[in-house]
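**Q** If you scroll down you'll find the structure; I have some questions about it.
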Amino acid sequence: MPAVSKGDGMRGLAVFISDIRNCKSKEAEIKRINKELANIRSKFKGDKALDGYSKKKYVCKLLFIFLLGHDIDFGHMEAVNLLSSNKYTEKQIGYLFISVLVNSNSELIRLINNAIKNDLSSRNPTFMCLALHCIANVGSREMAEAFAGEIPRILVAGDTMDSVKQSAALCLLRLYKTSPDLVLMGEWTSRVVHLLNDQHMGVVTAAISLITCLSQKNPDEFKTCVSLAVSRLSRIVSSASTDLQDYTYYFVPAPWLSCKLLRLLQCYPPPEDGAVKGRLVECLETILNKAQEPPKSKKVQHSNAKNAILFEAISLIIHYDSEPNLLVRACNQLGQFLQHRETNLRYLALESMCTLASSEFSHEAVKTHIETVINALKTERDVSVRQRAADLLYAMCDRSNAKQIVAEMLSYLETADYSIREEMVLKVAILAEKYAVDYSWYVDTILNLIRIAGDYVSEEVWYRVIQIVINRDDVQGYAAKTVFEALQAPACHENMVKVGGYILGEFGNLIAGDPRSSPLVQFNLLHSKFHLCSVPTRALLLSAYIKFINLFPETKSTIQEVLRSDSQIRNSDVELQQRAVEYLKLSSIASTDVLATVLEEMPPFPERESSILAKLKKKKGPGAVSVNELEEGKREGGELNGGGERGGDSSAIASTPSPSADLLGLRTGPPVTAAAPSTGSLLVDVFSEAGVNDDGFLSTQVSKIYNTVLVVFGYFNKKILHIVPLNDLSERELVTINEQTPQGVFVMAPFLKMFRALTCTILLGLGMALLENVDPNPENFVCAGVIQTKAQQVGSLLRLEPNAQAQMYRLTVRSSKDTVSKRLCELLAEQF
Amino acid sequence: MIGGLFIYNHKGEVLISRVYRDDIGRNAVDAFRVNVIHARQQVRSPVTNIARTSFFHVKRSNIWLAAVTKQNVNAAMVFEFLYKMCDVMTAYFGKISEENIKNNFVLIYELLDEILDFGYPQNSETGALKTFITQQGIKGQPQTKEEQSQITSQVTGQIGWRREGIKYRRNELFLDVLESVNLLMSPQGQVLSAHVSGRVMMKSYLSGMPECKFGMNDKIVIDKQGKGGTTDDPGKSGKQSIAIDDCTFHQCVRLSKFDSERSISFIPPDGEYELMRYRTTKDIILPFRVIPLVREVGRTKLEVKVVIKSNFKPSLLAQKIEVRIPTPLNTSGVQVICMKGKAKYKASENAIVWKIKRMAGMKESQISAEIELLPTNDKKKWARPPISMNFEVPFAPSGLKVRYLKVFESKLNYSDHDVIKWVRYIGRSGIYETRC
């Protein structure tokens, strides 16, 4: 380094900094800085040129002020001037200022680039290094454009000093990371790869970082590096600890370089060349052997360095996944670490084992450590280690040990940290589903899960248990019984109430035979939880009640009483109120077979990937769930859900997490999908069928529901007969509107083509709304409305089908009362 | 309600920490230090919300007073309390400084116990407090049982701010009208916003339990009297009266009487207190007019000329006049010429400060400066902050006049005429700015 001439420490700067440090308050500091800035401005403005020293000093002060958090908008020029100085310190400060303060400012960048270029072409290695560091620190696109071509030349040139080569390699790496498109290795590739053979270990270390990064992008070009890396590695591994002198760190030869080499090898598949492969396996074995040797030093640095290499080697072994022998050895080695004193080691061991568990060769070997891992889960003090232990348990789980692991995880859940509970819950749910041999066990597990960690059970989990119960006939009775028992606990979680409400609503009849769980007892049990629940749960419970009326006619009066009570029928929540009113009317008006149709048991759910698994994946990010497990999930999942032949009817349970996912699906929420009409949008069904039916009459089955629906509507419109202008709404929107703001619907139809406008007027004059694009035949008129009579409101639908050739029309009127239909028909016939 | 009260020094070290409610944890002290005192950006809001805890702070020189609460309190009440707390401390040991607080910490805790109870503010009248919280200690002034019971009955009684049996040889009354006038003016001389906030401070040394009545030229009162036809013609009284936008009173003023008759009557506390506070926005007498002229000569030079004109009776003298002319952030040199007073470029404040000791009414004076600039690569234009001004004038810029202050004491034998009364008007500048 060139001798520092004047003022090694700049005194003015030191005084200034100590002044700032001594300031009593922020205000005093700002005052001092303002004063200094004014001083510097007057100095820079001053007529007489400043010498290098004072320039350096003032630039330093500016830098300090900037680092204190104040804006600096001058002094850049002076800093650039410093770059052309011949003194090391001045140049250094100049570069420092530029790398901290200069952003892509066009005019200055050119000057700076010129200065850098000069330094790069100079023969002075310190100047070259400074310039390279500056490029790497700024790393902007402009810099990359200017120097991306130059730096590789410096890197591979024969006469470049080693230290400059190191800087060049790292600088190139930085530029490659910021703008990979500008750094084209091309012709330099092979020469860069051959840097691995360099005499100087520092150069090799720097180069290998660059090569690793480059080979991740285009592995083929750098393929040759594998054999070089292997030979380099074997030379290091087999060297005696004293061979490498400067590069031996606490008796471990070149640990950083070894780690980097191993990491580079992880970018490539196992070498095909037998000799190379043999050599590599030999290296890995040596590393594993060395781990067994007694430590050469008690210092923590020694073991850290050794273990770093070991772990890198193990991840390489896992990456290759082709040497059963090595895998098992690695697994055993990790097993030793599982009980190590060092927390970090235990953590790393668990983490590596997680990946080992997914390899078919070592899965069994990993399983032998199950007791240790369970123990770690229970006794470990560090939460992150416990989390890893839980991950490992999850990874090592298979059919043989599922019950044990699930039980352990469940028991751990009670004391688990809040931060990992949700993930644990998901994992338990997945394992229970994946390895369920008998479904009663599955149901037990999930209910336990809800009981222990109800708050952390996401919707997906309880949706899933309901899906499975519904799709499996054999478990329904058991499920009903279990939830019934679970609900008897004095305090149970809301999720439990949800599951209970749903399952009893569907399958309560299966346990009704037992006097201890007679329909009334079931109902009372559910209703005892009602008041403690949130609105969505209450809505679900109301649906369960109406299902009870269908299942057990004897409970009808009790339930109607409940629905009729003010707290339901006048509930401030619109959703609950509407359900109560609708269900009450439905139960009192509709005949039993209508009820049975509307409240039919839910159809089985279609097969799909478990939503829980999807959630876990989302939570952990891609890659966390191993491929192996996914495959297994598919295999086992298919079996569990009893074949994919069922379905076709997509209900909203699992796919829409909205609280309105509903048993009945009669009302609520957005219509699910246009393609698959579901029970969730019953009305859509009605309309589409009505439209398709050419003879204008509805099939008996549909009409039944249809009637009910209209009845329900009729009763909700307290102040009707104002007609909604629905003309521009599509069919489905119409339905939605109907549901949200109960309005009357009335469909009406036909007439002569030429009198279309006239017809419209007549129909609208009736107080009905014309629905366009409802009927497949655009000539037809379809209307909907509510007729308000003194006694009640009657919803009516109307269709007018004109036939121009025949000069005839057909009028179809449908309403809930046949007298009304008839009268309407007569009325309209007169009009036309 | 206030959950706790902390006092910090400028470094953020806690000098006083008094927690009144359990919902304030120990970490609240640190939260304020980290997020406000040591904040990277200067915190300008006096209310800071950190983790659902509200911190209300005021700063006196280098001392931070912070009230903490978790509840949704009336912020105005909290600040009123903090100001009162400052007044009380000043009355007890003078200037609020780190040293004074450290020397008097026992006293401060005692005061805090007295004026805040479970976070609810209590009697914070200095006069009343001084009767039972003393700095001398009990030994110095032994209090008899009667005295103690007297204190109790007084403090808990109807007139908590005055004790009975006060006697003075000379009954004296000092009345100060202190106003601060705030202005924002456009470069063309248009008033953008102006208001006066004033205080009526009293110092009373009166015997017994006198009943006082204070009268001023409040427009509503004058108009009412004008209508009654008792006083002179309405045209004159209209000019003389002022419209008060809003006002607040000391607790001794009978609000019911003010509401019904708009008369301000009260039994005064002994010693110094603030009788009322008010604000006016109409017909403000602006004591000074600032006429700026800024010319940019190229990129590296700026010429500034500022004329100030005094706008009041020539017989009056304004004092402590200070004009602050901001300079651009890239100023590298300044030359100033002024006819009157002294002017200097203060780099640490980025401003030219021009000071004039005295100036009579209806005069004008000017300053001109040449500012040299350093070219920067910053494209932003200079924001041209307004020119601000400080002064003190011996009249009330709002036009407020004290019409009378009557004292009635029926039990003792002195009348209104025997009381010596002093009235003084002081108008100060608040934020008095002119854009340039």
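**Q** For the range A:390-430: of the residues being small (G, A, S) and assigned to a helix (DSSP H, G or I), which is nearest to A:W462 (Cα to Cα)?
**A** A:A429
**Q** Can you report the number of residues in the range B:325-348 which are within 14 Å of chain A (Cβ to nearest Cβ) and either crowded, with 16+ Cβ neighbours inside 10 Å or small (G, A, S) (or both)?
**A** 13
**Q** Collect the residues in the range A:440-451 that are over 13 Å from A:I405 (Cα atoms) and crowded, with 21+ Cβ neighbours inside 10 Å, keeping them in residue-number order.
**A** Within the range A:440-451, the first condition is being over 13 Å from A:I405 (Cα atoms), and the residues that meet it are A:440-444, A:446-451.
Passing the criteria: A:Y442, A:V443, A:I446, A:L447, A:L449, A:I450.
**Q** Only residues in the range A:323-343 that are among the basic types (K, R) count as the first member; pair them with residues that are not in a loop (DSSP other than H, G, I, E, B), Cβ under 6 angstrom, at least 6 apart or cross-chain, and list the lot.
**A** Listed by first residue and then by second, the contacts come to A:R329/A:L288.
**Q** Can A:D19 be described as within 14 Å of chain B (Cβ to nearest Cβ), surrounded by fewer than 17 Cβ atoms within 10 Å (Cβ to Cβ), in contact with a helix residue (DSSP H, G or I) (Cβ under 9 Å, 6 or more places away or on another chain) and not hydrophobic (A, V, I, L, M, F, W, C)? Talk me through it step by step, then tell me what you get.
**A** Numbers: within 14 Å of chain B (Cβ to nearest Cβ): yes; surrounded by fewer than 17 Cβ atoms within 10 Å (Cβ to Cβ): yes; in contact with a helix residue (DSSP H, G or I) (Cβ under 9 Å, 6 or more places away or on another chain): yes; not hydrophobic (A, V, I, L, M, F, W, C): yes.
Criteria met by A:D19.
**Q** What residue, among those in the range B:349-362 that are among the charged types (D, E, K, R) and away from chain A (no Cβ under 14 Å), is nearest to B:E296 (Cα to Cα)?
**A** For the range B:349-362, the residue satisfying everything is B:K355.
**Q** Among the residues of the range A:307-354 satisfying the criterion of being hydroxyl-bearing (S, T, Y) and part of a helix (DSSP H, G or I), which is surrounded by the fewest Cβ atoms within 10 Å (Cβ to Cβ)?
**A** A:T343
**Q** Which one is nearest to A:K55 (Cα to Cα) among residues in the range A:74-115 that are of a type in the set (S, T, Y) and not in a helix (DSSP H, G or I)?
**A** A:S85
Listed here are the residues, each with its yes/no results for (1) of a type outside the set (S, T, Y); (2) in contact (Cβ under 8 Å) with a residue 60 or more places away in the chain.
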{"position": "A:R464", "(1), (2)": "yes, yes"}
{"position": "A:M496", "(1), (2)": "yes, no"}
{"position": "A:G500", "(1), (2)": "yes, no"}
{"position": "A:S528", "(1), (2)": "no, no"}
{"position": "A:L532", "(1), (2)": "yes, no"}
{"position": "A:R538", "(1), (2)": "yes, no"}
{"position": "A:Y545", "(1), (2)": "no, no"}
{"position": "A:I549", "(1), (2)": "yes, no"}
{"position": "A:K556", "(1), (2)": "yes, no"}
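**Q** For B:L405, which of the numbered conditions (1) of a type in the set (A, V, I, L, M); (2) within 14 Å of chain A (Cβ to nearest Cβ); (3) within 32 Å of the chain's Cα centre (by Cα); (4) farther than 18 Å from B:F288 by Cβ fails to hold?
**A** (2)
**Q** Let me ask something additional. Within the range B:12-37, track down each residue that is within 14 Å of chain A (Cβ to nearest Cβ) and touching a residue at least 24 places away in the same chain (Cβ under 8 Å).
**A** Listed by number, the residues that qualify are B:G12, B:R33, B:V36, B:I37.
**Q** For the range B:279-323, enumerate the residues that are within 14 Å of chain A (Cβ to nearest Cβ) and closer than 19 Å to B:L183 by Cβ.
**A** none
**Q** Moving to a separate point now. Here's a check for you: in the range A:461-508, which residue that is in a helix (DSSP H, G or I) and of a type in the set (G, A, S) is farthest from A:M602 (Cα to Cα)?
**A** Within the range A:461-508, the match that is farthest from A:M602 (Cα to Cα) is A:A486.
**Q** With B:M1, B:M77 as the choices, which residue is surrounded by 13 or more Cβ atoms within 10 Å (Cβ to Cβ), modelled with pLDDT under 90, farther than 25 Å from A:I30 by Cβ and more than 14 Å from every other protein chain (Cβ to nearest Cβ)?
**A** Sole residue among the options that is surrounded by 13 or more Cβ atoms within 10 Å (Cβ to Cβ), modelled with pLDDT under 90, farther than 25 Å from A:I30 by Cβ and more than 14 Å from every other protein chain (Cβ to nearest Cβ): B:M1.
**Q** If you go through the range A:431-447 one residue at a time, do you hit one that is under 28 Å from the mean Cα position of the chain (by Cα) and part of a loop (DSSP other than H, G, I, E, B)?
**A** Looking for residues that are under 28 Å from the mean Cα position of the chain (by Cα) and part of a loop (DSSP other than H, G, I, E, B), one finds at least one in the range A:431-447, hence yes.
**Q** What is the residue count in the range B:374-433 for residues that are more than 21 Å from B:L175 (Cβ to Cβ), in contact with an Asp or Glu (Cβ under 6 Å, 6 or more places away or on another chain) and among the β-branched types (V, I, T)?
**A** Number of matching residues: 1.
**Q** If B:P385 satisfies every condition in (1) assigned to a strand (DSSP E or B); (2) not assigned by the TED database to the domain that holds B:D176 but one, which is the exception?
**A** Here B:P385 meets the rest and fails (1).
**Q** Tell me yes or no: at least one residue of the range B:101-118 is aromatic (F, W, Y), loosely packed, with under 13 Cβ neighbours inside 10 Å, more than 26 Å from A:L68 (Cα to Cα) and not assigned by the TED database to the domain that holds B:Y273.
**A** The answer is yes, given that some residue of the range B:101-118 is aromatic (F, W, Y), loosely packed, with under 13 Cβ neighbours inside 10 Å, more than 26 Å from A:L68 (Cα to Cα) and not assigned by the TED database to the domain that holds B:Y273.
**Q** Considering only residues that are surrounded by fewer than 16 Cβ atoms within 10 Å (Cβ to Cβ), under 30 Å from A:A79 (Cβ atoms) and either in contact with a Lys or Arg (Cβ under 9 Å, 6 or more places away or on another chain) or more than 14 Å from chain A (Cβ to nearest Cβ) (or both), which ones fall in the range B:380-394?
**A** B:R384
**Q** On the basis of being within 14 Å of chain A (Cβ to nearest Cβ), part of a loop (DSSP other than H, G, I, E, B), hydrophobic (A, V, I, L, M, F, W, C) and touching a strand residue (DSSP E or B) at 6+ places or on another chain (Cβ under 9 Å), does B:V43 make the cut?
**A** When the stated conditions are applied, B:V43 passes them.
**Q** When only residues in the range A:86-130 that are away from every other protein chain (no Cβ under 14 Å) and among the β-branched types (V, I, T) count, which is surrounded by the fewest Cβ atoms within 10 Å (Cβ to Cβ)?
**A** A:V100
**Q** Is it true that some residue in the range B:363-379 is on the phi > 0 side of the Ramachandran plot and either within 14 Å of chain A (Cβ to nearest Cβ) or in a loop (DSSP other than H, G, I, E, B) (or both)?
**A** Checked the range B:363-379: no residue is on the phi > 0 side of the Ramachandran plot and either within 14 Å of chain A (Cβ to nearest Cβ) or in a loop (DSSP other than H, G, I, E, B) (or both).
**Q** Within the range A:23-64, work out how many residues are at the interface with chain B (Cβ under 8 Å from one of its Cβ atoms), of a type in the set (S, T, N, Q) and assigned to a helix (DSSP H, G or I).
**A** Of the residues in the range A:23-64, 3 are at the interface with chain B (Cβ under 8 Å from one of its Cβ atoms), of a type in the set (S, T, N, Q) and assigned to a helix (DSSP H, G or I).
The values are calculated or read from the model by the stated rules, or taken from the named source; none is laboratory data. Not measured: the values here are computed from a predicted model. Cβ sites come from the backbone with ideal geometry, for glycine too, and all protein chains shown count toward neighbours.
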